[in-house]
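Notes to accompany the following structure.
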There are 2 protein chains.
Amino acid sequence: MKKFAVLGFGTVGSGVVELFYKNRHKIEEKAGSEMEIGHILDLRDFPDSPFADKFTKSIDTILNDPDVTVVAECMGGVEPAFTFLMQCLEKGMSVVTSNKELIAKKGAELLSCAKEHSCNCFFEASVGGAIPIIRPLHRCLAANDISAIYGILNGTTNYILNKMVSDGMSFDDALKRAQDHGYAEREPSADVDGHDACRKICILSSLVFGKHVYPESVYTKGIREISLEDTTAADELDGAVKLIASVVKLDENRILPAVMPMFVSHENLISRVDGVFNCVQVEGDAIDRAYFSGRGAGKFPTASAVMGDVIEAVKHHKTVFSQFWVDAETQDFVAGIEDLVCGLFVRFETAQDTVETTALLNAYLDKKQLTDSVVNVTDAAFVIDAPLTAADRKELVDMLTEKDMKAASLMPVMPA
Amino acid sequence: MKKFAVLGFGTVGSGVVELFYKNRHKIEEKAGSEMEIGHILDLRDFPDSPFADKFTKSIDTILNDPDVTVVAECMGGVEPAFTFLMQCLEKGMSVVTSNKELIAKKGAELLSCAKEHSCNCFFEASVGGAIPIIRPLHRCLAANDISAIYGILNGTTNYILNKMVSDGMSFDDALKRAQDHGYAEREPSADVDGHDACRKICILSSLVFGKHVYPESVYTKGIREISLEDTTAADELDGAVKLIASVVKLDENRILPAVMPMFVSHENLISRVDGVFNCVQVEGDAIDRAYFSGRGAGKFPTASAVMGDVIEAVKHHKTVFSQFWVDAETQDFVAGIEDLVCGLFVRFETAQDTVETTALLNAYLDKKQLTDSVVNVTDAAFVIDAPLTAADRKELVDMLTEKDMKAASLMPVMPA
């Protein structure tokens, strides 16, 4: 009989408990042993819960129970989660967490403490909710040199952007709709300003490149400035505006992580991922590219990922898996947004002649010897998918301004 | 230093060898130890190969080398691959294979032999090429009760169906194009008649439901009868014809695996998976649904999956993972196609009045109390996404025939 504990009985924690008892037989079969929830930590009282006898308000109850081998943290926030998990690891318990803020800020410390005490620290649920991404990236794709990751890692903003296109709503109306449906918080900044997606791309970047990437080092721009005109123009150009969290390997020593709205062509599956779904595109030298998509949040989707990790931790208690990164002395390996090389989406202030715009763009690409680029033009906007540097993009925009083709908005283009 | 051997130096085998030496440092880091290829088994001579000194024509060389702990089989076909892998397992070596025919026909025997000798038998590369699907299904989604899997598991047929839509080609012309590009064999039956997809859905079915499903038990229909008229009509109905390999859990004791062309609505991401890409949709009680997509074949994509398994096997040599199913005494748990409940796509022999068709369909659905079904009608065809039994579907078609609305083709509809 293997006992595990659950920290926090909120949405995710209660989902873990319910899911365990619902599919207990299957779960025990996969884990290879009988299992039981030993304790549930929460400061609140749940006198009517069927699990009332399992609740404790003190982490010591768990730390002092030698039968507990795995602890699943579903509290959220950095403290006291961090202190509790460090205490558990020091006692030789393996830990599992759905807490992206915690891993993005304290991952290196937790992983190194786990290693030191020969136990595991798993965090599949911290990125992409139900989507298996951490383990596939690190294990199944282990033979690849990963060159880039692009993802829709925040369901709330994807829902909003999608509603703007499908229902012709303004950003404000779509946000209100998301709040009414419970997809967005009353204070929506963590989602719409990109901070949530930023934490997740920090975790993926750290995992793939082996050094801890801190949220402060990552260029982060949300979707507040995206207008209905932008999403409409993108739609007419056979694409969609998506909040893309990405990380690109620039060379052996530098990576460029970023979160920002991008134009994504309908050639790419990511542009078709709608509603609250997330999607991660992984590029590697052997696989070319692979996509992982599913529900990025929610009670049971997240509980599924937590429980998958708990099973793995129960099954391989004392094996240390190499899902690991180190704390870097500096963040010099993280490039800034000025190093971004990408195509450009431009929406004009006023309608333009499409023949003229096309001629102008082709002349520019000719000059730059980028003639195999994809160009798409309407009278409201255009998109070029070509490797343009920041200087190139500025030059192009200056050229347009000179011709009185002023840009109402500019956006990077995700490579098709 | 951990030594592994490669059986077969064809496309996949040579890919594994090249990939190992290309990314050796990364691979060793993930495996947690230095690695080397001990032997390459192939009956042919490769005197100019940089690996010439590693070749052997006899499996005994490998069986008698006590330093070899893992063997990667990339030969294809059931024999001699089966005999060789059984011998390796009996010697306590872990085995990895990309051979879907072998696993679909002999998986239960190999897995049971591996278990008996406390070693691993991995086969991530056998389904979906580069796509991580076996391990995510079995590990990351372990806490779910899986209710259905739908997949595009054959890239050749997906390329053909896609070409028919995008370039308005007939099946024959699209097949010829696929052959010219090397995507289809001269003798294309394994692909176009659905046998390849059938083997893969057998593997996924066995894995998820725990009992070996044999290819002979699975209803299999290929794409030879799909006409340009069908793909065009599907496109006009906001969907696409895809060769779908699926398995649905009917109740606690029965599953229904099948391979057949289906109408897939553009509401579903699978309809957007084009060219030689594969995609697998997994439905579970906690995750709702998740998608996995990538290159389903090819030298390096397949080698990536094989090498990922080799790393896992090297890292956890003597651990037996529970990726396991048993040989069933009968195939009674496999339901036949007559139990299929699904919507219907009908293309008419001659153009029909859309108002009349719509009225007729709505009356029928009314009668069946299926009024929340999705109905889409053009003058050439219609699609209903509703849970219709075989008897329902026959009744509907009979009703149409009576009204002289004869069906030129019929197709099941994948639930959106």
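The values are calculated or read from the model by the stated rules, or taken from the named source; none is laboratory data. The model shown is predicted, which means the values in this text are computed figures rather than measured ones. A quick note on method: Cβ atoms are made from the backbone with ideal geometry, for glycine too, and the neighbour counts reach across all protein chains shown. Each accessible area value is taken on the protein alone, full model and side chains, heavy atoms only, with ligands, DNA and RNA left out. Shrake-Rupley method; radii C 1.70, N 1.55, O 1.52, S 1.80 Å.
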Exercise. Take the residues of segment B:149-198 that are charged (D, E, K, R) and in contact with a Phe, Trp or Tyr (Cβ under 9 Å, 6 or more places away or on another chain): which is most open to solvent (accessible area, probe 1.4 Å)?
Worked result: B:ARG177
Exercise. Within segment B:251-260, can you find the residues that are over 20 Å from B:GLY294 (Cα atoms) and outside any loop (DSSP other than H, G, I, E, B)?
Worked result: B:ASP251, B:ARG254, B:ILE255, B:LEU256, B:PRO257, B:ALA258, B:MET260
Problem set entry | Subset of segment B:253-283 (residues that are within 14 Å of chain A (Cβ to nearest Cβ) and under 13 Å from the mean Cα position of the chain (by Cα)) | B:VAL276, B:PHE277, B:ASN278, B:CYS279, B:VAL280, B:GLN281, B:VAL282
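Can you tell me how many residues within segment A:297-312 are touching a Phe, Trp or Tyr at 6+ places or on another chain (Cβ under 7 Å) and either among the acidic types (Asp, Glu) or more than 7 Å from chain B (Cβ to nearest Cβ) (or both)?
To start, the set of residues in segment A:297-312 that are touching a Phe, Trp or Tyr at 6+ places or on another chain (Cβ under 7 Å) comprises A:307, A:309-310, A:312.
From the residues that got through so far, the ones that are either among the acidic types (Asp, Glu) or more than 7 Å from chain B (Cβ to nearest Cβ) (or both) too are A:309-310, A:312.
Residues that pass the stated criteria total 3.
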Problem set entry | Every residue from segment A:289-316 that is surrounded by 23 or more Cβ atoms within 10 Å (Cβ to Cβ) and part of a loop (DSSP other than H, G, I, E, B) | A:GLY296
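So, in segment B:157-186, exactly how many residues are of a type in the set (S, T, N, Q), part of a loop (DSSP other than H, G, I, E, B) and without any contact (Cβ under 8 Å) to a residue 40 or more places away in the chain?
Applying the first criterion (of a type in the set (S, T, N, Q)) to segment B:157-186 yields B:157-158, B:162, B:166, B:170, B:179.
Now drop any that are not part of a loop (DSSP other than H, G, I, E, B), which leaves B:170.
From what's left, without any contact (Cβ under 8 Å) to a residue 40 or more places away in the chain: none.
Number of matching residues: 0.
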Seminar exercise, completed: Exception for A:ALA114 within (1) surrounded by fewer than 23 Cβ atoms within 10 Å (Cβ to Cβ); (2) away from chain B (no Cβ under 14 Å); (3) part of a helix (DSSP H, G or I) falls at (1)
Problem set entry | Single match in B:SER304, B:SER293 (criterion: farther than 23 Å from B:ILE146 by Cα and of a type in the set (S, T, N, Q)) | B:SER304
For this session: Could you list all residues from segment B:207-230 that are open to solvent by 40 Å² or more (accessible area, probe 1.4 Å), of a type outside the set (Phe, Trp, Tyr) and either farther than 19 Å from B:LEU161 by Cβ or under 15 Å from the mean Cα position of the chain (by Cα) (or both)?
Result: B:LYS211, B:GLU216, B:THR220, B:LYS221
Exercise. Any idea which of (1) within 14 Å of another protein chain (Cβ to nearest Cβ); (2) open to solvent by less than 10 Å² (accessible area, probe 1.4 Å); (3) under 24 Å from B:TYR183 (Cα atoms); (4) not in a helix (DSSP H, G or I) is the one B:ALA286 doesn't satisfy?
Worked result: (3)
For this session: Out of the residues in segment B:126-156 that are more than 10 Å from every other protein chain (Cβ to nearest Cβ) and in a helix (DSSP H, G or I), state the one that is farthest from B:ILE223 (Cα to Cα).
Result: B:SER126
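Is there a residue in segment B:211-221 that is over 29 Å from B:GLN179 (Cβ atoms), in contact with a Gly (Cβ under 8 Å, 6 or more places away or on another chain) and modelled with pLDDT of 95 or more? Explain how you work it out, then say what you get.
Here is the first cut: in segment B:211-221, the ones over 29 Å from B:GLN179 (Cβ atoms) are B:211-214, B:217.
Filter once more, keeping what is in contact with a Gly (Cβ under 8 Å, 6 or more places away or on another chain): B:212.
Keeping just the survivors that are modelled with pLDDT of 95 or more gives B:212.
Yes, the conditions are met somewhere in segment B:211-221.
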Seminar exercise, completed: Filtering segment B:321-358 for residues that are open to solvent by less than 80 Å² (accessible area, probe 1.4 Å), at pLDDT 95 or above and outside any loop (DSSP other than H, G, I, E, B) leaves a count of 13
For this session: Could you list all residues from segment A:378-396 that are open to solvent by 30 Å² or more (accessible area, probe 1.4 Å), under 21 Å from A:GLY239 (Cα atoms) and out of contact with any Asp or Glu (no Cβ under 8 Å at 6 or more places or on another chain)?
Result: A:ASP385, A:PRO387, A:ARG393
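Residues to consider are A:GLY168, A:GLY155, A:GLY129; find the one that is at positive phi and out of contact with any Leu (no Cβ under 9 Å at 6 or more places or on another chain). Explain how you work it out, then say what you get.
On the way: A:GLY168 fails: out of contact with any Leu (no Cβ under 9 Å at 6 or more places or on another chain); A:GLY155 fails: at positive phi.
Just a single option satisfies the conditions, and that option is A:GLY129.
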Problem set entry | Members of segment B:66-98 found to be open to solvent by less than 10 Å² (accessible area, probe 1.4 Å) and of a type in the set (S, T, N, Q), listed by number | B:SER94, B:THR97
For this session: With the checklist (1) within 11 Å of another protein chain (Cβ to nearest Cβ); (2) open to solvent by 10 Å² or more (accessible area, probe 1.4 Å); (3) touching a strand residue (DSSP E or B) at 6+ places or on another chain (Cβ under 6 Å) in hand, flag the one item A:LYS249 doesn't pass.
Result: (1)
Problem set entry | Residue check for A:SER49: over 30 Å from the mean Cα position of the chain (by Cα) and exposed (fewer than 14 other Cβ atoms within 10 Å of the Cβ) | no
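Go through segment A:21-46 and give me each residue that's closer than 21 Å to A:THR83 by Cα and surrounded by fewer than 16 Cβ atoms within 10 Å (Cβ to Cβ).
Looking only at segment A:21-46, we keep the residues that are closer than 21 Å to A:THR83 by Cα, and these are A:38-44.
Listed by number, the residues that qualify are A:LEU43, A:ARG44.
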For this session: Being out of contact with any Gly (no Cβ under 8 Å at 6 or more places or on another chain), outside any strand (DSSP E or B) and open to solvent by less than 10 Å² (accessible area, probe 1.4 Å) is the filter here, so list the residues in segment A:271-283 that pass it.
Result: A:VAL273
